[in-house]
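Here is the structure we will look at, set down as structure tokens.
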């Protein structure tokens, strides 16, 4: 941002680029303010362009995460189906449950949850509530498996 220096030379202001010898002659202070205003407008436009790009990139990343998790679930399900023919694979509902558990952990766990401030707090509370229910289901499944 500070690539230029201003000096007074022969009753006018001279804007000199620090890395070169280019001089922009300014007849008065208003010219300097106008030049600064135009530069600030360019910076504001660039910031807005980058903000839009960031939002788009974040949306694409979230979309890709969901697609990857869905593809992983389909792969595991297909593996389970072909494995069931051989006899030793997990039940498909168990595979789906494990896939759902991974998805929820990746989406809502406090260490991975996107967002800031209140959004992050809300995601954390949702995670706690959902994970308590998952733990309860896991314990019930373990007890029923041990009883059988």
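No value in this document is a laboratory result; all are computed from the given coordinates. The shown structure was predicted, so the numbers you read here are calculated from the model rather than taken from an experiment. Neighbour counts run over all protein chains shown; Cβ positions are idealised from the backbone, glycine included.
A few remarks follow.
- Debye equation applied to the C-alpha atoms of the range 109-148, log10 I(q)/I(0) at 0.15, 0.28, 0.30 Å⁻¹: -0.47, -0.84, -0.90
- Potential lengthening between residue 30 and residue 116 on full extension [0.36 nm per residue; Cα-Cα distance subtracted]: 26.8 nm
- Segment residue 13-residue 69, length gained on full extension (0.36 nm per residue, minus Cα span): 14.0 nm
- Simple spin-label estimate for residue 142 and residue 106 gives 2.5 nm between the two label positions (7 Å along the Cα-to-Cβ direction from each Cα).
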